[in-house]
1. Mind listing the long-range amide H neighbours of residue 130? Cut-off is under 5 Å, sequence gap 5 or more, other chains count too, H placed in the peptide plane at 1.01 Å from N.
2. Counting other C-beta atoms within 10 Å, and keeping those with at most 11, which DSSP coil chymotrypsin sites (Phe, Trp or Tyr not before Pro) do you find in region 154-232?
3. Cross-link candidates for residue 123: which lysines have Cα within less than 27 Å, leaving aside residues fewer than 8 places away along the same chain?
4. Under a point spin-label approximation (7 Å from Cα along Cα-to-Cβ), what is the residue 48-residue 67 distance to one decimal in nm?
5. Rg and Dmax in Å for the chain, alpha carbons only: what are they?
6. Over 13 Å apart: what share of the alpha carbon pairs of region 182-234 falls there, rounded to a whole percent?
7. How would you classify region 156-245 from its alpha-carbon gyration tensor, with a ≥ b ≥ c the square roots of the eigenvalues: rounded for a/c under 1.5, else prolate if a/b is greater than b/c, otherwise oblate?
8. May I ask you to compute the full-extension gain from residue 199 to residue 140, defined as 0.36 nm times their residue separation minus their alpha-carbon distance, rounded to one decimal in nm?
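Read-outs throughout are calculated quantities, based only on the coordinates presented, and are distinct from any laboratory measurement. Just so you know, these numbers come straight off a predicted model, no measurement behind them. Cβ coordinates were reconstructed from backbone atoms using ideal geometry, including for glycine residues, and neighbour counts include every protein chain displayed.
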Amino acid sequence: MTNKKVFASKRILVVGATGAIGSTIAKTLSLQGAELCLASRDVSKLEVIASELSAASISINLTKPDSFAAIVDEIDILDGIVCAAGVAPLSPVKFMQEKHLINCIQINAVSPLLLIRDLYKQKKIKTPASIVLISSLIASRGAAGYCAYAASKGALEASARCMAVEFAPHKIRVNCLAPGMIESQMARRASEQISEDILQAHMNLYPLGSGFPQDVADAATFLISDQSRWITGTVVPVDGGYRAK
Ligand SMILES: NC(=O)c1ccc[n+]([C@@H]2O[C@H](COP(=O)([O-])OP(=O)(O)OC[C@H]3O[C@@H](n4cnc5c(N)ncnc54)[C@H](OP(=O)(O)O)[C@@H]3O)[C@@H](O)[C@H]2O)c1
């Protein structure tokens, strides 16, 4: 996709815009002319990227869904939404704490759905529009220590399919991206909790080697654009061929 004006006059909300993947998606959409509204929790990080991209910014805490309706009030009508916020608390089942499990499912699965509900109810999503949710390879592959995270991403994908069907008459598309391990803080934090041997064995499962935030951003850009206008309710792997093995 080379046309710099693909998103001219399109307003797109990026939730999790301070993260490795969300910030790269925001920069990529901005380069192609999108008018952005950036959201995340850390206001100082948010202001830096919002000023760099001349974007609007909105502070949101995904653990507080009661605040969403007021936040949605401030948002102008949208052509696209990207949910790239998330947490990945890793733990063997034996040591998993209920509060971490619930927090992970709240941030990764429940809150994106409630935020979309509020945007939809307040008529802040245009017709047509596209919604992209960042899931994970782990939603469909077992990995020790990832139980809470996998539960949240599996729920996200299942709810995305149902939203896709429900919103299709309004030409609002809903798709997920399922990245494998992406070079990022989140992946570094995860890899610190496993041995070098296990990490290397995992990395060997990617025929195309390491993935980068830009790989996810390029796929998100395609799904947000009209070039994917007949694609909805699906999960697009961005995993360097992991599933091909
Ligand atoms: N990195 C990977 O290898 C990988 C692989 C597969 C899928 N993913 C998924 O891709 C997405 C982005 O990952 P990433 O690597 O970019 O992670 P990251 O760098 O850790 O960024 C996480 C983002 O989520 C936001 N966030 C976390 N908790 C929040 C809360 N309670 N309320 C509002 N925002 C909150 C953070 O905002 P603040 O800065 O304001 O806290 C930040 O913008 C996640 O959904 C992740 O599960 C990542």
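1. 80, 81, 173
2. Values: sites: 167, 222, 230; in loops: 230.
For chymotrypsin sites (Phe, Trp or Tyr not before Pro) across region 154-232 that sit outside H, G, I, E and B with at most 11 neighbouring Cβ atoms in 10 Å, the list reads 230.
3. Hits, sequence-local ones excluded: 5, 10, 27, 64, 153, 171.
4. Placing both labels 7 Å along Cα→Cβ, they lie 2.1 nm apart.
5. 17.2, 51
6. Details: 947 of 1378 pairs.
Tail fraction, whole percent: 69.
7. Note, shape of region 156-245 comes out prolate.
8. Numbers: separation 59, 0.36 × 59 = 21.24 nm, distance 1.90 nm.
Extra length from residue 199 to residue 140 when fully extended: 19.3 nm.
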